[in-house]
Each structure stands twice: as C-alpha cells, then as structure tokens.
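Chemist: So that we are looking at the same thing, I have put the structure below in structure tokens.
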Amino acid sequence: MIDAGQPWNAAALLRAIQFLGEPLRRIVITHAHPDHAGSAAELASETGALVYAHEQDIHYLQGRACMADADGYGPCRLLLSTARFLRLLDPPPIEKIVAVSKDDMIGTLRVIYTPGHTPGSISMWSEDDGFLFCGDNISSTVKKLSLNLTWFTLDFDRLKCSTEQYRELPVNMLLPGHGPAFGGEKCSRELRRLLGGGSVY
Ligand SMILES: [Zn+2]
Ligand SMILES: [Zn+2]
C-alpha cells in the first residue's frame with residue numbers, strides 16, 4: 001500500500017484489502033501529512049504490515065516532533081500551526097517504522113528522495129511497469145498536472161529541484177496523491193509542460 005489515507009479511512013481500507021484477498025505486507029508513506037499517514041498505525045496493528053518512510057519524516061510519524069516546527073515557507077508554517085491547534089495535523093503515532101533512503105528497494109519499487117513538500121517526501125518508482133507514485137509533489141485534475149507550489153509545501157525551490165529527477169524516468173503512468181492517474185501520451189505531454197525543456201521520456 002502506498003499511503004494510508006486519513007485516520008477515519010482505516011475501516012474502508014481494511015475492507016478493500018479483504019476484497020483483494022491478499023495479505024497486506026508493506027505500507028509506504030510518501031510523507032508525514034495526516035491525509036497520507038492517518039490510518040497507517042491502525043492498519044499496521046490490524047494486519048501486521050511493516051511501515052516504511054524516509055528517515056527525515058519518521059520523527060513526525062512517531063509523534064516525537066511536529067511538522068509545524070520545521071523550517072520553511074512562512075504561510076505553510078502558519079497553516080501547519082493552525083492545523084496543530086485544531087488537532088488535525090499529527091497522524092496517530094506509528095510505533096515501528098523502517099527508515100528508507102534514496103535508491104532503496106521496497107519489493108520491486110525504488111525510493112526516489114524528493115524533499116520539499118515535507119523534509120522527507122519520497123516518490124516510488126516501478127521500473128517494470130513505468131509507474132511513478134509522486135505523493136503530493138504533483139497533483140492532478142482531469143485535464144492537467146500541477147506542481148504542489150501551494151501553502152501546503154514547506155520549500156518550493158527544493159520541491160522543484162526534486163521533481164527534476166522525474167525527467168529521466170520513462171513514466172507510463174503517474175499516480176499522484178490527489179487527483180486521477182495520468183497515463184500514456186497525455187502523461188508525457190503534461191510532464192514535459194510542467195518540467196520544461198530537456199529529456200522527458
Ligand atoms: Zn495530501
Ligand atoms: Zn502533503
């Protein structure tokens with residue numbers, strides 16, 4: 001499983017896992033925002049799955065630090081502080097997490113370290129299928145892709161720089177954290193527009 005929804009999504013995710021009829025063995029968290037890590041603790045304890053995340057985001061996932069205290073873009077920090085005040089920011093703490101870093105393999109997926117949105121944001125790349133799971137670095141609507149240069153991102157410049165790595169990947173299908181998947185020619189065209197000149201497969 002890549003990302004684990006909001007804290008209140010656990011029952012629905014467990015039903016989906018049951019429907020698929022395969023045991024859940026691994027949960028990869030692309031970054032420590034509550035809409036991506038919210039149900040991870042509950043799913044891990046229900047299924048015994050191992051949780052993986054980048055070492056730079058693990059202390060937020062385990063409740064040892066709060067992202068509202070991280071360095072970064074002022075309005076984003078204000079948004080995070082407000083969310084903390086409303087008790088909407090910190091995902092339920094995950095007891096055990098396997099730390100991953102750049103180029104580690106989780107099953108057949110490679111970790112691409114793409115910080116910026118959060119300090120420990122990662123993307124997952126399936127070389128066999130050309131599938132790229134980009135977390136919140138890129139979002140999609142039905143018509144287009146856009147970089148997450150919003151108040152939700154702590155460091156825009158770092159995010160932009162991180163997404164440069166996508167240029168070198170022969171992406172068949174982009175799967176963003178928010179919005180529909182983009183495939184085929186439409187995906188290459190939109191990535192080219194987003195990342196500018198240079199080689200996009
Ligand atoms: Zn998100
Ligand atoms: Zn996010």
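What follows draws every value from the coordinates through simple rules; no lab data is involved. Computed from a predicted structure; not experimentally measured. Virtual Cβ from ideal backbone geometry, glycine too; neighbours counted across all protein chains shown.
Chemist: Please report the antiparallel percentage of the DSSP beta bridges confined to the chain, to the nearest 5.
Modeler: 60 percent
Chemist: Treat the count of other C-beta atoms within 10 Å as a stand-in for reagent exposure and order Ser101, Ser146 from fewest to most.
Modeler: The order, fewest Cβ neighbours first, is Ser101, Ser146.
Chemist: Among 174-182, 84-92, 24-32, how do they line up from the highest to the lowest mean number of other beta-carbon atoms within 10 Å? Present the calculation step by step, with values, prior to reporting the outcome.
Modeler: Values: 174-182: 18.6, 84-92: 14.4, 24-32: 23.1.
In decreasing order of mean packing, 174-182, 84-92, 24-32 become 24-32, 174-182, 84-92.
Chemist: Shifting gears a bit: State the extension gain, in nm to one decimal, for the chain segment bounded by His178 and Arg25, taking 0.36 nm per residue of separation less the distance between their alpha-carbons.
Modeler: Numbers: separation 153, 0.36 × 153 = 55.08 nm, distance 2.36 nm.
Difference between extended and current length: 52.7 nm.
Chemist: Now for a separate question. Can you show me the helix-derived [θ] at 222 nm for the chain, built from DSSP H runs with n ≥ 4 at -39,500 (n - 2.57) apiece and divided by the number of residues, rounded to the nearest 500.
Modeler: So the calculated ellipticity at 222 nm is -8500 deg cm²/dmol.
Chemist: How big is the charge dipole of the range 49-102 about its Cα centre, in debye rounded to the nearest 20, if each Lys and Arg gets +1 on its Cβ and each Asp and Glu gets -1 on its Cβ?
Modeler: In total the dipole reaches around 80 debye.
Chemist: Treating only the Cβ atoms of Lys and Arg (+1) and Asp and Glu (-1) as charged, compute the dipole magnitude of the chain about its Cα centre; round to the nearest 20 debye.
Modeler: Rounded to the nearest 20 debye, it is 500 debye.
Chemist: Structure shown: which of Lys102/Lys186; Lys96/Lys143; Lys160/Lys186 lie over 31 Å apart, alpha-carbon to alpha-carbon?
Modeler: Lys96/Lys143, as the Cα separations exceed 31 Å there.
Chemist: Over the Cα atoms of the range 7-195, what Rg and Dmax result, in angstrom?
Modeler: When restricted to Cα atoms, the range 7-195 yields Rg and Dmax of 16.2, 45 Å.
Chemist: Counting other Cβ atoms within 10 Å, which trypsin sites (Lys or Arg not before Pro) in the range 118-196 have at most 15 and lie in a DSSP loop?
Modeler: Those satisfying the criteria are Lys143, Lys144.
Chemist: Let me ask something else about it. Sorting Leu194, Leu154 on the 10 Å Cβ count, fewest up front, what's the list?
Modeler: Working: Leu194 15, Leu154 21.
So the residues, fewest neighbours to most, are Leu194, Leu154.
Chemist: Can you give the Kirkwood hydrodynamic radius for the range 137-201, in Å, rounded to one decimal and based on Cα pairs?
Modeler: Evaluated over the range 137-201, this radius sits at 12.0 Å.
Chemist: Follow-up question, since we're still on this one. What is the dipole size for the range 81-129, taken about its Cα centre, with +1 at each Lys and Arg Cβ and -1 at each Asp and Glu Cβ, in debye to the nearest 20?
Modeler: 380 debye
Chemist: Separate question: How many angstrom lie between the Cα centre of the range 45-92 and the Cα centre of the range 128-201?
Modeler: Measuring centre to centre over Cα atoms gives 23 Å.
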